[in-house]
1. Before we move on, is residue 322 at pLDDT 85 or above, assigned to a helix (DSSP H, G or I) and touching a helix residue (DSSP H, G or I) at 6+ places or on another chain (Cβ under 8 Å)?
2. Would it be correct to say that residue 279 is farther than 30 Å from residue 103 by Cβ and either in a helix (DSSP H, G or I) or out of contact with any strand residue (DSSP E or B) (no Cβ under 7 Å at 6 or more places or on another chain) (or both)?
3. In region 259-316, what residues are at pLDDT 80 or above and of a type in the set (A, V, I, L, M)?
4. Could you check region 126-166 and list, in sequence order, the residues that are within 39 Å of the chain's Cα centre (by Cα), surrounded by 12 or more Cβ atoms within 10 Å (Cβ to Cβ) and assigned to a strand (DSSP E or B)?
5. In region 178-210, how many residues are assigned to a strand (DSSP E or B) and farther than 16 Å from residue 265 by Cβ?
6. As an exercise: evaluate residue 107 against (1) modelled with pLDDT of 80 or more; (2) in a loop (DSSP other than H, G, I, E, B); (3) acidic (Asp, Glu) and give the number of the one condition it does not meet.
7. Checking residue 180 against (1) in the same structural domain as residue 290 (by TED's automatic domain parsing); (2) under 33 Å from the mean Cα position of the chain (by Cα); (3) buried (at least 18 other Cβ atoms within 10 Å of the Cβ), only one condition comes out false. Which one?
8. Is it the case, given these coordinates, that residue 113 is in contact with a Lys or Arg (Cβ under 8 Å, 6 or more places away or on another chain) and either surrounded by 14 or more Cβ atoms within 10 Å (Cβ to Cβ) or in the same structural domain as residue 273 (by TED's automatic domain parsing) (or both)?
Amino acid sequence: MDHKAAKRRKLTDKSLPNVILQNPDFAEDSQMYQSLLEMERKLDWTITRKRMEIQDTLSRNPSTTRTLRIFVSHTVSGQSWQAGTESDNLTHSETGENIPAWQLKIEGRLLELPQRGKDKGPPRKFSTFIKRMMVEFDRDTNVYPENNIVEWPRATGHHNPPLDGFTVRRTGDVPTHIRIVMYLDHYPEQYRLNPDLSSVLGIKEESLLGVVQALWNYIKIQGLQDKADRRLVRSDERLRAIFGVETIPFQKLPEYVKRLLSPPDPILLHYSFDPSLPVVEPERPTAWDVEIKMEDAALKNRMGVMLHTNKETSVTLAKMDEEIALLAQSLHNSHLKRTFLQSFADDPAKFIQTWLESQSRDLESVLGAGASEGLTLRQEELRRSEFFRLPWVEEAVSVQEGLRLASKGM
């Protein structure tokens with residue numbers, strides 16, 4: 001059983017078809033066989049190139065632009081219009097009961113893409129899209145001198161888990177204007193371009209890589225690459241006014257670009273309400289749609305599937321490799337058989353003589369009577385005359401005589 005398994009492993013070894021099918025002698029005159037080899041080489045090269053392109057794309061973490069919808073709403077409690085009786089109007093400062101107050105809610109979620117449907121996996125929490133957020137309350141500082149600014153900086157760790165939204169509670173019954181300043185967490189990180197560079201490239205906000213690529217496209221279109229030294233970029237009038245140099249080494253383009261980048265402008269949301277007025281119908285939350293750049297997980301997963309074949313595909317490929325190996329071994333054996341018979345047809349006598357010498361060497365190797373073995377039992381038998389009187393000698397002489405006569409007859 002072990003011997004069969006070893007033989008099977010040998011036949012299914014992927015290196016076997018390559019060794020046998022590279023350029024065997026019997027295939028030199030076969031145009032179909034040569035076409036198959038050429039097609040195999042092209043297919044291997046194409047698969048390898050595509051695999052490398054996908055790996056390069058995955059290393060850059062593909063990004064996409066999605067729409068983040070932000071909802072802002074409020075609720076009130078303890079207001080005068082909510083009290084039913086005069087006794088209910090009594091406030092209790094110790095318990096906080098019947099004290100006019102309101103709550104501000106800030107929530108958000110990603111909008112689904114029509115062509116993709118629902119995203120696979122659990123949706124991201126709203127707070128993961130925000131780097132930092134500030135909520136400012138425009139109220140009379142004489143009446144409300146404190147707690148008019150709330151700031152939330154995102155931090156990692158169990159003490160600051162991801163949240164679906166934010167709630168801010170304050171006391172009061174006067175009209176309030178709220179200003180929300182929100183810094184989004186883009187991927188890759190976005191920057192605001194210098195106005196002069198922005199007018200040249202035609203973009204206002206972009207990642208560092210995107211700005212460098214846009215600048216390189218401008219350089220190629222304008223023909224600013226040095227003709228003698230392709231590593232240098234010759235500044236035209238517009239780039240000279242921006243960077244202040246005549247030439248820029250190609251490898252230092254990101255360094256020059258970084259000097260003209262700054263953090264992007266935050267998202268500003270304005271919201272106003274009057275808690276002292278009764279609400280006839282439940283108010284719908286006010287919503288804003290903002291664009292955010294994020295990692296394209298769906299595209300990354302699809303490309304990852306192309307790199308990592310599933311179990312069924314692996315089994316099918318292994319079976320095909322085994323079939324190719326068996327067919328290649330069969331062709332190789334047929335080629336050896338043909339060579340063997342062709343040698344016998346060309347010169348039977350010489351073929352038999354060579355064959356007998358080969359068999360004699362094999363027999364000596366098996367019996368341990370090689371040239372390096374010294375005076376062995378086999379050599380002792382050859383020195384005795386009785387050895388050459390055995391029945392096999394007459395049979396060998398008869399065969400050799402018949403071959404000689406056959407060769408003369410041919």
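1. Working: at pLDDT 85 or above: yes; assigned to a helix (DSSP H, G or I): yes; touching a helix residue (DSSP H, G or I) at 6+ places or on another chain (Cβ under 8 Å): yes.
Against the criterion (at pLDDT 85 or above, assigned to a helix (DSSP H, G or I) and touching a helix residue (DSSP H, G or I) at 6+ places or on another chain (Cβ under 8 Å)), residue 322 qualifies.
2. no
3. Within region 259-316, 260, 261, 267, 268, 269, 277, 287, 290, 292, 294, 315 qualify.
4. 130, 131, 132, 133, 134, 152, 165, 166 - these are the residues of region 126-166 that are within 39 Å of the chain's Cα centre (by Cα), surrounded by 12 or more Cβ atoms within 10 Å (Cβ to Cβ) and assigned to a strand (DSSP E or B).
5. In the first step, residues of region 178-210 are kept if they are assigned to a strand (DSSP E or B); the result is 178-184, 190-193, 205-207.
Narrowing the set further to residues that are farther than 16 Å from residue 265 by Cβ leaves 178.
Selection size over region 178-210: 1.
6. Answer for residue 107: the failing condition is (2).
7. For residue 180, the exception is condition (2).
8. yes
The values are calculated or read from the model by the stated rules, or taken from the named source; none is laboratory data. These numbers were taken from a predicted model, which means no experiment stands behind them. Counting neighbours? That spans all protein chains shown, and the Cβs are built from the backbone with ideal geometry, glycine included.
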